[in-house]
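Heads up: the structure comes next, in structure tokens.
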Amino acid sequence: MPTYSAPVKDIKFLLHEYFNLQQYNNLPSFAEATPDLIDAILEEAAKVTENVFQPLNLPGDEQGCRLENGKVITPDGFKEAYNQYVEGGWQGLTGDPEYGGQGMPQTLGLVLNELMVSANWGFAMYPGLTKGATESIHTWGTEEQKHKYLPKMYAAEWSGTMNLTEPHCGTDLGLLRTKAEPNDDGSYKISGTKIFISAGDHDLTENVIHLVLAKIPGGPEGVKGISLFIVPRNKINDDGSIGDNNGVSVGSLEEKMGIHSNATCVMNFDEAEGYLLGQEHKGMRAMFTMMNEARLGVAIQGYAIAEVAQQNAAIYANDRIQGRALTGAKNPDAKADPIIVHPDVRRMLMTNRAFIEGARAMAIWAGIQVDITRQHPDEAAKNKAEELLALITPVLKSYMTDQGVEAASRALQCFGGHGYIREWGMEQFLRDSRIAPIYEGTNGIQAMDLIGRKLPANGGAAIRAYFEMIQTFIDANKDNDAMGTYIPLLEKALGRLQAASMWLMQNGMANPDNAGAAAHYYLNLMALVTMGYFWADMARKAREMLDAGEGDTAFLNNKLTTADFFFHHILPETSALKVKIEAGADSVMGLDAGAF
Ligand SMILES: Cc1cc2nc3c(=O)[nH]c(=O)nc-3n(C[C@H](O)[C@H](O)[C@H](O)COP(=O)(O)OP(=O)(O)OC[C@H]3O[C@@H](n4cnc5c(N)ncnc54)[C@H](O)[C@@H]3O)c2cc1C
């Protein structure tokens, strides 16, 4: 049975030492979140994820969800675990206090999300979808809608979903057919079928609030004619109690590769009563609130699954006796050494470690940008955070989820054949991880979003702000001997990204296939430069603390060694990426479609 221990030490280092969250206490949510309160929340979250959610992960995967008499039943123990989640008040942690939330920083919500996913991804998705839905209702809802839905959803008594996908319409939402016909009372009749709906139905809450994309007849063609609707599974009576079914039913449950404990439903809407959220035909804008939040949430799933897989691989590597160390026996009294002595096993563990810790820093930074965009008193600071966040969200979603799969696979590899056997739990991590590059916009689409929308947006303001952020750091640390080779290596990698950006500008316009062929590589190049920036800066902080005699010496020295690994074993990939970008589309597009 795999185990999980929440990485509280690393998170505390990031929140308190590296990012020094106290510096943001001019923002209302941070003013409330004192270091002591953050630590108390973190430790409580560690307890509940380790002791309540994690033990249900493997049995939940084996049992899965089932559909009985039109209702979805979650695996044994999920209902009781969910009740503990409700009692702990976790769902409303970052919610708006005006509607019953606790007003804590989004940054903290994001940390909680990591722990939940590491412990039990399938379970974590039920509250995760609710969080996304509350964000959309909070941003786009009328006061009446906010008062009606948010308190119950913050209390986790009602859950939420997002309904975009239809059988013939995935990436290209302009094709969607679900119809919304106006009723005389201002509501709409929603009719259509949605597929692959996560947490579409279950037995954990008394109601499910669906957010549904649909087209109002007579509206503009394509994505410009899409509107967003709130469609409760059960009608809600005037006194707030739960009424009859609202024409919403589960057609079937998808049989799938992983996340078996999360119900992926075919949802039928049969003249269900729906209420417009935001403006008519502006559904994509409203949905994007949910999707951006969700994309960050999915990015976290990437390193969260890597974290738990890595923890188990590290335990196994210290335990499994096989072969001798190349430099002579490390365990001479036994017949063989533990496999952790082998450089190839170390390579896998170090690659994972450098990814996970770098990714965690990037995600927490993104969380802070979310809080700044929502609360900062200074418009310029808000705008800059918004621009950087928009630029980096597809990078985080795509890179972290691709690497999450790779990391889960490397962790499995450390187990040899035992990794392939179910009882060790490693194959579940790999199966579960595989959905993240697919949903919330496939990773290919994230890359297209980055180069097609985010780079040129506002005359390239975001990418300029990004280059400036990293260049300013390089300039400030050039003469810092303690940074060793990191700064020159980071500067070279940044140069490659700048050159690749220039190449894209010159060659992407002339032939859009050049841009399309380069998009995935460019996104990964930007991810590595960003991670290099955070690794260099974390190393700076670790060195500073060591010099000042502060903190845990072993922990800080491990940070420095991992930084070293990142700079010499991972960042060099930027060279190859630049070459691939500049190779253009000729060989990518050269074959006739029929030749494949
Ligand atoms: C377990 C699971 C849970 C899900 N949960 C939800 C949910 O809660 N709500 C919801 O609405 N949906 C959900 N989805 C659906 C998911 O978001 C879609 O599967 C995804 O958006 C891709 O759509 P598609 O499957 O139709 O693939 P397609 O759109 O058919 O894409 C197929 C391939 O072609 C590529 N491609 C397509 N168009 C382009 C293009 N223009 N440029 C470059 N490449 C392109 C894609 O990247 C992909 O690799 C879920 C799916 C699964 C499997």
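The values are calculated or read from the model by the stated rules, or taken from the named source; none is laboratory data. These numbers come from a predicted model, not from an experiment. Cβ coordinates were reconstructed from backbone atoms using ideal geometry, including for glycine residues, and neighbour counts include every protein chain displayed.
Here are some notes:
Residue-wise test of (1) touching a residue at least 24 places away in the same chain (Cβ under 8 Å); (2) touching an Asp or Glu at 6+ places or on another chain (Cβ under 9 Å).
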{"residue": "Gln23", "(1), (2)": "no, no"}
{"residue": "Ile38", "(1), (2)": "yes, no"}
{"residue": "Glu44", "(1), (2)": "yes, no"}
{"residue": "Lys47", "(1), (2)": "no, no"}
{"residue": "Pro59", "(1), (2)": "no, yes"}
{"residue": "Gln84", "(1), (2)": "yes, no"}
{"residue": "Gly101", "(1), (2)": "yes, no"}
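- Here Met505, Met469 are screened, and the one residue that is away from the ligand (no atom under 16 Å from the Cβ), modelled with pLDDT under 95 and assigned to a helix (DSSP H, G or I) is Met505.
- Any chance Asn234 is more than 27 Å from the chain's Cα centre (by Cα), away from the ligand (no atom under 16 Å from the Cβ) and under 17 Å from Met153 (Cβ atoms): yes
- Scanning the stretch 379-397 for residues that are without any contact (Cβ under 8 Å) to a residue 12 or more places away in the chain and either charged (D, E, K, R) or not in a helix (DSSP H, G or I) (or both) returns Glu379, Lys382.
- Taking the numbered list (1) of a type outside the set (S, T, N, Q); (2) more than 19 Å from Leu389 (Cα to Cα); (3) touching a helix residue (DSSP H, G or I) at 6+ places or on another chain (Cβ under 9 Å) in turn, Met502 passes all entries but (3).
- Figure legend. Inter-residue proximity from the stretch 317-332: first residues in contact (Cβ under 8 Å) with a residue 12 or more places away in the chain, second residues loosely packed, with under 13 Cβ neighbours inside 10 Å and hydrophobic (A, V, I, L, M, F, W, C), beta-carbon distance below 9 Å, spacing 6+ or different chains. Indicated pairs: Ile321/Ala334.
- Extreme residue, nearest to the ligand (Cβ to nearest atom), among residues of the stretch 249-265 that are closer than 27 Å to Gln301 by Cβ and not in a loop (DSSP other than H, G, I, E, B): Thr264
- Filter result (farther than 14 Å from Trp365 by Cα, hydrophobic (A, V, I, L, M, F, W, C) and out of contact with any Ser or Thr (no Cβ under 7 Å at 6 or more places or on another chain)) within the stretch 2-29: Val8, Leu27
- Selection count where residues are aliphatic (A, V, I, L, M), within 16 Å of the ligand (Cβ to nearest atom) and surrounded by fewer than 24 Cβ atoms within 10 Å (Cβ to Cβ), scope the stretch 516-550: 1
- Hits in the stretch 18-65 (condition: among the polar types (S, T, N, Q), out of contact with any Lys or Arg (no Cβ under 9 Å at 6 or more places or on another chain) and assigned to a helix (DSSP H, G or I)): Gln22, Gln23, Thr49, Asn51, Gln54, Asn57, Gln63
- In the condition set (1) at pLDDT 95 or above; (2) more than 20 Å from the chain's Cα centre (by Cα); (3) of a type outside the set (S, T, N, Q), Met1 is compliant with all but (1).
- Residue within the stretch 446-453 that is part of a helix (DSSP H, G or I), away from the ligand (no atom under 16 Å from the Cβ) and on the phi < 0 side of the Ramachandran plot present: no
- Filter result (more than 14 Å from Phe534 (Cβ to Cβ) and in contact with a Pro (Cβ under 9 Å, 6 or more places away or on another chain)) within the stretch 363-396: Val370, Asp371, Gln375
- Sole residue being of a type in the set (Phe, Trp, Tyr), part of a strand (DSSP E or B) and either without any contact (Cβ under 8 Å) to a residue 24 or more places away in the chain or away from the ligand (no atom under 12 Å from the Cβ) (or both), chosen from Phe196, Phe229: Phe229
- Complete set of residues in the stretch 410-423 that are part of a helix (DSSP H, G or I) and surrounded by 20 or more Cβ atoms within 10 Å (Cβ to Cβ): Arg410, Ala411, Leu412, Cys414, Gly419
- Number of residues in the stretch 112-147 that are of a type in the set (A, V, I, L, M) and under 20 Å from Cys65 (Cα atoms): the value is 6.
- Of the criteria (1) in contact with a helix residue (DSSP H, G or I) (Cβ under 7 Å, 6 or more places away or on another chain); (2) over 20 Å from Ala563 (Cβ atoms); (3) not aliphatic (A, V, I, L, M), which one Asp333 fails: (1)
- Test: residue in the stretch 414-424 that is modelled with pLDDT under 95, under 21 Å from Leu528 (Cα atoms) and away from the ligand (no atom under 16 Å from the Cβ): no
- Scanning the stretch 213-226 for residues that are part of a strand (DSSP E or B) and either away from the ligand (no atom under 13 Å from the Cβ) or out of contact with any strand residue (DSSP E or B) (no Cβ under 7 Å at 6 or more places or on another chain) (or both) gives a single hit, Lys215.
- Taking the stretch 536-596 and the helices (runs of 4 or more DSSP H) fully enclosed by it, the elements with 2 or more residues that are in contact (Cβ under 8 Å) with a residue 40 or more places away in the chain and either more than 30 Å from Thr472 (Cβ to Cβ) or in contact with a His (Cβ under 9 Å, 6 or more places away or on another chain) (or both) are at 586-589.
- The stretch 158-186, residues that are within 12 Å of the ligand (Cβ to nearest atom), out of contact with any helix residue (DSSP H, G or I) (no Cβ under 8 Å at 6 or more places or on another chain) and over 30 Å from Gly89 (Cβ atoms): Thr165, Pro167, Gly170, Asp172, Leu175, Leu176, Thr178
- Looking across His210, His202, one residue alone is closer than 26 Å to Val298 by Cα, in a loop (DSSP other than H, G, I, E, B) and within 16 Å of the ligand (Cβ to nearest atom). It is His202.
- Looking across the stretch 436-445, the residues that are within 6 Å of the ligand (Cβ to nearest atom) and assigned to a helix (DSSP H, G or I) come down to Gly444, Ile445.
- Pairing each residue of the stretch 152-181 that is among the aliphatic types (A, V, I, L, M) with any residue that is more than 16 Å from the ligand (Cβ to nearest atom), provided the two are 6+ apart or on different chains, yields C-beta distances under 6 Å for Ala156/Val86; Ala156/Gln91; Ala180/Tyr188; Ala180/Ile216.
- Residue match in the stretch 487-496 (condition: more than 24 Å from the chain's Cα centre (by Cα), within 16 Å of the ligand (Cβ to nearest atom) and buried (at least 18 other Cβ atoms within 10 Å of the Cβ)): no
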